[in-house]
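The values are calculated or read from the model by the stated rules, or taken from the named source; none is laboratory data. The shown structure was predicted, so the numbers you read here are calculated from the model rather than taken from an experiment. Counting neighbours? That spans all protein chains shown, and the Cβs are built from the backbone with ideal geometry, glycine included.
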Amino acid sequence: MGDTSSNRNNSQRHEEIVAFVCGTMSRDEQAAFAARMVDDTELATQVDAVRRALSPLNAWQAPEPEASLVDAIMREVETASPLKYVASETRMPSENETRPVRRGMFTLPQFFAVAASIALVLSVLFPTVQRQNDRKFQQACLGNLSRVGQGWSMYTNAYDGAMPQVDAGGPMNWLNNPQRGELEPMVRLGFVPPHVFVCPTTEGRKFTDASAAKDLAAFMQRTDLRFYAVQHPAAIAQRLRGPMPLPVFADQNPLFANGQFNDVDESANSPAHRGQGQNVLFTNVSAEFLKSPRFNLGDNIWRVEGPIAKYTGIESPVSATDSFLIP
C-alpha cells in the first residue's frame, strides 16, 4: 500500500514538473511551484534536468515564407526539368481492336495550377509553424528567467539576505563594461548554470555550461550572445525590499543591442523575439511575456526617467519606481 501511494505521489510530482517546464500552468500555479523549488533543491534539479531534455525541441526554426507567390512559381518553372510525354499503355492492339494508344500529358497550365496550390499551402503553413516556434522560444526564455529568479532567491536565503555582487571598484560605466560580474557568484556556488543568462534565440550559440564555467569572467563579457538585461546594480537591493514587484531581468535591451547606444522609438520591444515583446522577471520571482516595454504606470523598463538624448554609461534610476535594465 505504501509503494502504491509513493508511486502516485511521484507520478503527480512528475506531471507538475512537465507542466511547469512546458508553461501549461496558470500564473498562480507557476508562482506556487516556483516557491516550492526555493525550498526543495531536489525539485529544482529535476526541473532543470527536464528543461535540458526538452531543449532540442527549440532548436529548429522554420524558414521565412516566400514574399511573393508569383516569384516562387516562376522560379520553379525556370529551374524545372523539361516535361516529357509518357505512354500510358505499351501493349500493341490486336487486329480486331481499335483502341487508340493513350498518352499521359502534363500541360503547362496544369503545372501552374499544382505549383500555385503548393505555394498557397506553404504560405499558410509556414507562418503557423513560425508562430509555434516563436511560442516555444518564449516559453524557453520564461523558463530561463524563472530559473534565474529561483537561484537568486536561494542565494539570498543562504547568505542572510545578501545580494550576489562583485565589487568592480571605481566609477561604474555599464556601457563599456557590462555589469554581469555580479552574477558570477550564483554560478560559482552552483545556484544556476551559465546558460540560463543567455536567451535561447541566440543564433549559432556555441558553448556548454562546462566550457563557460572554466572562464566565467570571459563568458560574462561575450558580445556574440544575447545576454538578458539586468536591473541597474545600484537599485537591485532597493527593488527586492520594496512592496511592489518590479522588473529585474528581461530580454536584450533594444537601446544597446549591438554593444553601443542605439536611439530607438519609445515603444520599441526587445529584438530577441522579433520585436513582438519581451520576457521579464520580477522581484517576486514571477516571469511573464510583456508586449510593451512600459510598466508601472507608463515607466519604460529600457530607459531612465526624463529626457536623455544619448546614454553614456553612467546613468542610473532616478526614483524607487524607475526601472532601468542595462546590458
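For this structure, a couple of remarks:
- Which listed residue is of a type in the set (Val, Ile, Thr), buried (at least 20 other Cβ atoms within 10 Å of the Cβ), at pLDDT 80 or above and under 21 Å from Glu305 (Cα atoms), from Val230, Val192, Val196: Val230
- Inter-residue pairs, beta-carbon under 6 Å, first in contact (Cβ under 8 Å) with a residue 40 or more places away in the chain and in segment 260-284, second of a type in the set (Ser, Thr, Tyr) and in a loop (DSSP other than H, G, I, E, B), 6+ apart: Phe261/Tyr311; Ala272/Thr201
- Residue in segment 219-229 that is of a type in the set (Gly, Ala, Ser), assigned to a helix (DSSP H, G or I) and touching a residue at least 24 places away in the same chain (Cβ under 8 Å) present: no
- Filtering segment 122-149 to residues that are small (Gly, Ala, Ser) and at pLDDT 65 or above leaves Ala140, Gly143, Ser146, Gly149.
- The set of residues from segment 9-30 being surrounded by fewer than 16 Cβ atoms within 10 Å (Cβ to Cβ) and either over 22 Å from Lys136 (Cα atoms) or hydrophobic (A, V, I, L, M, F, W, C) (or both) comprises Asn9, Asn10, Ser11, Gln12, Arg13, Val18, Ala19, Cys22.
- In this structure, Ser316 does not satisfy being surrounded by fewer than 15 Cβ atoms within 10 Å (Cβ to Cβ) and within 27 Å of Gln139 (Cβ to Cβ).
- If the condition is being farther than 26 Å from Glu42 by Cα, within 21 Å of the chain's Cα centre (by Cα) and in contact (Cβ under 8 Å) with a residue 12 or more places away in the chain, then segment 179-203 contributes Arg180, Thr201, Thr202.
- Segment 283-312 - residue that is β-branched (Val, Ile, Thr) and out of contact with any strand residue (DSSP E or B) (no Cβ under 7 Å at 6 or more places or on another chain) and, of those, surrounded by the fewest Cβ atoms within 10 Å (Cβ to Cβ): Thr312
- Here Ser270 fulfils each of the conditions (1) more than 27 Å from Ala44 (Cα to Cα); (2) modelled with pLDDT under 90; (3) buried (at least 16 other Cβ atoms within 10 Å of the Cβ) apart from (2).
- Test set (1) basic (Lys, Arg); (2) surrounded by fewer than 20 Cβ atoms within 10 Å (Cβ to Cβ); (3) modelled with pLDDT under 80 - Lys214 fails condition number: (3)
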